[in-house]
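The values are calculated or read from the model by the stated rules, or taken from the named source; none is laboratory data. Remember, predicted model here, so these are calculated numbers, not experimental data. Note that we place each Cβ from the backbone using ideal geometry, even for glycine, and neighbour counts take in every protein chain shown.
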Amino acid sequence: MYEAVCVGGQPYFPTWYRWGYGWPVGRGYKGLSERELGLVEAKLEKYLNSN
């Protein structure tokens, strides 16, 4: 299972279970930009306020 996840979970495959799902395919493992960090914070705040 570990090996399957290491191979099939790469952020470069257009699958629903890839690492970084939710970001565009091909983004890779780079850090979040200021804009992306703002998106994450806004979505987290919205989630926490609704639950």
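Worth a mention:
- Residue that is surrounded by the most Cβ atoms within 10 Å (Cβ to Cβ) [pool: residues in the range 1-32 that are of a type in the set (Phe, Trp, Tyr) and under 24 Å from residue 44 (Cα atoms)]: 19
- Contact map, the range 25-51: residues that are over 24 Å from residue 13 (Cβ atoms) and without any contact (Cβ under 8 Å) to a residue 40 or more places away in the chain paired with residues that are loosely packed, with under 10 Cβ neighbours inside 10 Å and not acidic (Asp, Glu), Cβ distance under 6 Å, separation 6+ or inter-chain. No pairs are found.
For every residue, the table says whether it meets (1) more than 11 Å from the chain's Cα centre (by Cα); (2) aliphatic (A, V, I, L, M); (3) at pLDDT below 80.
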| site | (1), (2), (3) |
| --- | --- |
| 8 | yes, no, yes |
| 11 | no, no, yes |
| 25 | no, yes, yes |
| 33 | yes, no, no |
| 40 | no, yes, no |
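- Number of positions in the range 13-23 that are modelled with pLDDT under 80 and not in a loop (DSSP other than H, G, I, E, B): 1
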